[in-house]
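Down below is the structure, laid out as structure tokens.
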Amino acid sequence: MAPRPLSSSDPWIQSSQNWNPPCITQMQYSSFRLHTQNEEYSIIHQRVRLFQQYIVDMWASADQTRLAFLRFNQGRLHASLYSGLQDWLMSDDIGTANDLGQYVILPSSYIGGPRYQQQWYQDAMAIARFFKHIDLFITMTANPNWAEITCELLPGQTSYDRPDIVARVFKLKREELLDDIYNNQIFGRAVAYVYVIEF
């Protein structure tokens, strides 16, 4: 007996045609893989140096994807509106146009780029200039022996083996500290704050 040909009236074909899988970014996928899943055994979290190398490779791959997007979409980013490149071309720093090469403008939305850092620095200085008096300078350091970190470690692991857990716990504690200062007003009413994270 020959198989029946598929028809567009079949209910399972109609449901699959209407199904649109969600689109996620590379960073969202990487973040999902970094979390341990209750229903699966994750061997990558058991391997100390391999896990750290995996994190570095995932970040480098996602960063290269962002840089490639910026490189091939300069027109959409209106890179021609940046006048610094034209000013540099008119200066005496360049001998010939052959020495120029191909310039790619990194906008301030690229995290870690020079325009990004300059924009945040200028914003912080504008806040300090507007409010004039800075009352508190607080330094917070991550403690690898926090109970929230040690209770999530797998058997035989130290906090140095799981930088993902340390970063997550530090982020939660930082948000709690900012909430205490800004919303709970433990030091009085706060009108503005600026913070910097160093790794």
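The values are calculated or read from the model by the stated rules, or taken from the named source; none is laboratory data. Quick caveat: nothing in here was measured; it's all calculated off a predicted structure. A quick note on method: Cβ atoms are made from the backbone with ideal geometry, for glycine too, and the neighbour counts reach across all protein chains shown.
Show me the helices (runs of 4 or more DSSP H) entirely contained within region 1-79 in which 2 or more residues are modelled with pLDDT of 75 or more. Write out each step before concluding.
On the way: elements: 11-18, 26-34, 48-72.
Correct list: 26-34, 48-72.
List every residue pair whose Cβ atoms sit under 9 Å apart, with the two residues 6 or more apart in sequence or on different chains, where the first one lies in region 137-155 and is under 23 Å from residue 47 (Cβ atoms) and the second, anywhere, is hydrophobic (A, V, I, L, M, F, W, C) and assigned to a loop (DSSP other than H, G, I, E, B).
If the second residue must be hydrophobic (A, V, I, L, M, F, W, C) and assigned to a loop (DSSP other than H, G, I, E, B), the pairs left are 149/142.
Working carefully through the options 91, 108, find the one that is among the polar types (S, T, N, Q), modelled with pLDDT under 90 and in contact with a Lys or Arg (Cβ under 7 Å, 6 or more places away or on another chain).
Values: 91 fails: in contact with a Lys or Arg (Cβ under 7 Å, 6 or more places away or on another chain).
Exactly one of 91, 108 is among the polar types (S, T, N, Q), modelled with pLDDT under 90 and in contact with a Lys or Arg (Cβ under 7 Å, 6 or more places away or on another chain), namely 108.
Which of the residues that make up region 37-78 are polar (S, T, N, Q) and touching a residue at least 60 places away in the same chain (Cβ under 8 Å)?
To start, the set of residues in region 37-78 that are polar (S, T, N, Q) comprises 37-38, 42, 46, 52-53, 61, 64-65, 73-74.
Within region 37-78, 46, 52 qualify.
Kindly provide the set of residues from region 113-147 that are within 23 Å of the chain's Cα centre (by Cα) and assigned by TED's automatic domain parsing to the domain that holds residue 192, ordered by number.
Restricting attention to region 113-147, the residues satisfying the condition of being within 23 Å of the chain's Cα centre (by Cα) are 113-124, 139-144.
Those that are within 23 Å of the chain's Cα centre (by Cα) and assigned by TED's automatic domain parsing to the domain that holds residue 192: 139, 140, 141, 142, 143, 144.
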